[in-house]
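Just below is one structure, and these are the notes that go with it.
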Amino acid sequence: MKRAITVAKGDGIGPEIMDATLKIILAAGAEIEPEFIDIGEKIYLAGNSAGIEPKSWESLRRTKVFLKAPITTPQGGGFKSLNVTTRKALGLYANVRPCVSYDPFIKNKHPEMDLVIVRENEEDCYAGIEHQQTPEVVQCLKLISRPGCEKIVRYAFEYAVRNKRKKVTCFTKDNIMKMTDGLFHKVFDEIGEEYPSIEKEHWIIDIGMAKMADTPEIFDVIVMPNLYGDIASDVAAQIAGSVGLAGSSNIGEECSMFEAIHGSAPKRAGQNVANPSGLLLGAILMLQHIDQNEVATNVHNAWLKTIEDGVGTYDIKRDGGSVSTSEFADEVIKRLGQKPTKLKAVDYTGAPSQKPMKYQDTGKAIKRELNGADVFICAKIAADDLGKKLESLAGEDLKLSMISNRGAKVYPNGLPETFCTDHWRCRFLVKNGSPAKHSVIRDLLGRIEEADLEWIKLEGLYKFDGERAYSLGQGE
Ligand code: NAD
């Protein structure tokens, strides 16, 4: 039986590269039944700011597999990124980007490079929770959850096993963000123990990314939080030869989306010149996902042979002799059944099928105790003056432990050199060490307000199972 998939031809060069991609995979015997939906510019300009209609969601939720060509996001006007909307709405938590060198046929400086970036796709700074808190300070909340870490880290290890990869590397910045990135690293270590046959390592993201740009061949699978993954995957695709050659998958517990990583290149639209390779490589990931591994192997090897034979569109044949989009598709089709002889041939047959990975909530009970609060205050004031005022407002149950400004401790015993904004984090802790009641904090806020100070935000300070569950201020 043919597998129903939802297909969007997108905008700009989208329809041309999608037609080429479908022509190739259907010629190779892909057992698919495409359901076409309209997304992108036409829908945005018809007044739907999300760029997708309700009936299209119905198709996506039914087929659960989405092959998507790039779309044009109109500039300004409050249009939402359809990619972000789709990833979040369908819970596509894993963004997988293989970045491979095709040297010497597509020149690059890293002929041995063959790595896969597994990027967390739903949380981190991309939760999009931002606020202006004071006239001088805006904030973006970086949310990292244990379920989010467990899902992506387990996906990375399962991907490594299924694709016969040897090593999984984790990139974080947990020397600075000890709680958020620290959780990601901790979960990596915990889940890694379940995969004894896979080599594991962790790099601090800055030196890790520098190393990846310099010697990418030492990496295999790299897993990381959302923001780092966004940046690292473009760096990796670019140093592999071109962002125009990379495909990616976005995997969820129920649904998945496959695409090229480039955009709709409007200036090249309608000329039959665009390179369909990125979308084709996305479609090959889709064929593996729906267990059509033989077709995936055949198409991928034919594409490698085409590249090896020196056939290419304008973007990779800069010295002339390029073919059109449709001619490139015909050249790949001509080579179906052939394998590359110099580039490494692929073989996905026999790969275990990608069983849907459901997050298992362990439901472990954790004892949580309120230990105090960080009260954020907006004021143009000297640190010592604010400190003295707040000391007098702390009350019987709480003590002012410190004040920091953008994380640096400024009271007590701050340095006059520390630059201060109008955004103060004032830490109150319980005096006797026993858990505080919420009413103690509420009363404190009342006293602060009566003293004509403006509190703008409150963070409870907790102990989880007796352990401090908040970071110390710099210098605290
Ligand atoms: P782009 O990736 O569309 O194009 C950048 C350059 O790369 C272009 O000059 C083009 O000549 C070249 N190029 C890209 N893909 C190519 C291909 N397949 N073959 C040959 N050359 C190719 O980036 P952009 O110009 O910044 O963005 C154009 C539009 O695409 C914007 O509206 C943007 O929002 C959108 N976009 C969509 C997606 C997506 O849908 N996944 C991703 C990125 C950008």
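The values are calculated or read from the model by the stated rules, or taken from the named source; none is laboratory data. Quantities reported herein were computed from a predicted structural model and do not represent experimental measurements. Glycine also receives a Cβ, built like all others from the backbone with ideal geometry; neighbour counts cover every protein chain displayed. These accessible areas exclude ligands, DNA and RNA; they are computed on the full protein's heavy atoms, side chains included. Shrake-Rupley method; radii C 1.70, N 1.55, O 1.52, S 1.80 Å.
Within the range 65-92, track down each residue that is modelled with pLDDT of 95 or more and more than 16 Å from the ligand (Cβ to nearest atom). Of everything in the range 65-92, just one residue is modelled with pLDDT of 95 or more and more than 16 Å from the ligand (Cβ to nearest atom), namely Val65.
Residues of the range 432-445 that are among the small types (Gly, Ala, Ser) and exposed (fewer than 11 other Cβ atoms within 10 Å of the Cβ): Gly433, Ser434, Ser439.
For every residue, the table says whether it meets (1) among the acidic types (Asp, Glu); (2) within 26 Å of Ser256 (Cα to Cα); (3) assigned by TED's automatic domain parsing to the domain that holds His202; (4) buried (at least 20 other Cβ atoms within 10 Å of the Cβ).
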| site | (1), (2), (3), (4) |
| --- | --- |
| Val116 | no, yes, yes, yes |
| Ala127 | no, yes, yes, no |
| Gln139 | no, no, yes, no |
| Ile152 | no, yes, yes, yes |
| Lys164 | no, yes, yes, no |
| Val168 | no, yes, yes, yes |
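Restricting attention to the range 345-378, which residues are open to solvent by 100 Å² or more (accessible area, probe 1.4 Å) and without any contact (Cβ under 8 Å) to a residue 12 or more places away in the chain? Hits for the range 345-378 are Lys355, Gln360, Thr362, Lys364. Listed conditions (1) surrounded by 23 or more Cβ atoms within 10 Å (Cβ to Cβ); (2) assigned by TED's automatic domain parsing to the domain that holds Thr73; (3) within 14 Å of the ligand (Cβ to nearest atom) are all met by Ser233, apart from (2).
Scanning the range 70-112 for residues that are of a type in the set (A, V, I, L, M) and farther than 29 Å from Ala160 by Cβ yields Ile71, Leu82. When you check Gly278 against the structure, is it under 14 Å from Pro70 (Cα atoms), near the ligand (Cβ under 7 Å from one of its atoms), open to solvent by less than 10 Å² (accessible area, probe 1.4 Å) and in contact with a strand residue (DSSP E or B) (Cβ under 9 Å, 6 or more places away or on another chain), yes or no? Answer is yes for this residue. Kindly indicate whether Asp291 is within 12 Å of the ligand (Cβ to nearest atom) and either at pLDDT below 95 or under 23 Å from Thr72 (Cα atoms) (or both). It is false that Asp291 is within 12 Å of the ligand (Cβ to nearest atom) and either at pLDDT below 95 or under 23 Å from Thr72 (Cα atoms) (or both). Scanning the range 273-321 for residues that are within 23 Å of Glu31 (Cβ to Cβ), aliphatic (A, V, I, L, M) and within 27 Å of the chain's Cα centre (by Cα) gives Leu279, Leu280, Leu281, Ala283, Ile284, Leu285, Met286, Leu287, Ile290, Ala296. Flag set for Ala302, criterion: part of a helix (DSSP H, G or I), among the small types (Gly, Ala, Ser), under 23 Å from Asn163 (Cβ atoms) and more than 10 Å from the ligand (Cβ to nearest atom). For Leu415, the conditions (1) under 16 Å from Gly372 (Cα atoms); (2) open to solvent by 50 Å² or more (accessible area, probe 1.4 Å) all hold with the exception of (1). Using the structure shown, decide if Gly270 is open to solvent by 20 Å² or more (accessible area, probe 1.4 Å), within 16 Å of the ligand (Cβ to nearest atom) and either touching a residue at least 60 places away in the same chain (Cβ under 8 Å) or touching a strand residue (DSSP E or B) at 6+ places or on another chain (Cβ under 7 Å) (or both). Considered against the rule, which asks whether it is open to solvent by 20 Å² or more (accessible area, probe 1.4 Å), within 16 Å of the ligand (Cβ to nearest atom) and either touching a residue at least 60 places away in the same chain (Cβ under 8 Å) or touching a strand residue (DSSP E or B) at 6+ places or on another chain (Cβ under 7 Å) (or both), Gly270 comes out as yes. Residues in the range 367-399 that are in contact with an Asp or Glu (Cβ under 7 Å, 6 or more places away or on another chain) and farther than 25 Å from Val138 by Cα: Lys367, Gly395.
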